[in-house]
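What follows is calculated from the coordinates using simple rules that are stated; it is not laboratory data. Because the structure is predicted, anything quoted here is derived from the model rather than measured. In this analysis, Cβ positions are derived from the backbone assuming ideal geometry, glycine residues included, and neighbour counts consider all displayed protein chains.
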Amino acid sequence: MQSTDPPRLPATFHQQYRTILVFLGILMTALSLLNVVIATGSRPLWLIQLFIWPSIAFITYRTRLVLTDEGLQYRSAFTTTHAKWSEVSSLVTRRSLGPLTVSVESLSVKLAGSAHGNHLFVPLAQFGRSWRQGQLGTMLRERGPHLFP
């Protein structure tokens, strides 16, 4: 008889400071709406804030990374991407953004026929600044050992 390890439960990682950012977004939206209604301050500025703060709350609330034995699921504001571990090619420590080079540790995921083009980059620092020493780093080493040569 062959013994097999039981499947591990999926692990979900939310954006760092998620609760604070969602609460702040809702609070600032309410204050912006109140200022528009009672017409204090610059109306265009408050109208812009009325759009920005709910957007921050929405994006923060939606963004998450789920790790399973089969692969990962990355959900951002408007898209959800599923990838098998074989499609997660590497940890990338630098990513070029036009003329700028920004130092960001990301998972590089090669995707076939997706809305993201050939690659999806999942910035890991948004889930914790010291993600390598935390639960996220441990689970990535367990489930995607090829990422840590």
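Whose amide H sits under 5 Å from the amide H of Leu124, counting only residues 5 or more places off or on another chain, with H placed in the peptide plane?
Close amide H contacts, sequence-distant or interchain: Glu105, Ser106, Leu107.
On alpha-carbon atoms, Rg over Rh for the stretch 12-62 using Kirkwood Rh?
The Rg/Rh ratio comes out at 1.09.
Can you list residues whose amide H is under 5 Å from Gly71's amide H, if they're 5+ apart or on another chain and H is modeled 1.01 Å from N?
Trp85
In whole Hz and in residue order, list the ³J(HN,Hα) couplings for the stretch 10-23 that follow from phi through the Karplus curve 6.51 cos²θ - 1.76 cosθ + 1.60, θ = phi - 60°; x for Gly and Pro.
With coefficients 6.51, -1.76 and 1.60, one gets x, 10, 10, 10, 9, 4, 4, 6, 4, 4, 5, 5, 5, 4 Hz.
Return the sequence-ordered ³J(HN,Hα) values of the stretch 142-149 in whole Hz as given by the Karplus equation 6.51 cos²θ - 1.76 cosθ + 1.60 applied to θ = phi - 60°, using x for Gly and Pro.
Working through the residues one at a time gives 6, 8, x, x, 5, 7, 10, x Hz.
Given points 7 Å out from each Cα along the Cα-Cβ axis, report the Phe23 to Arg132 separation in nanometres with one decimal.
3.2
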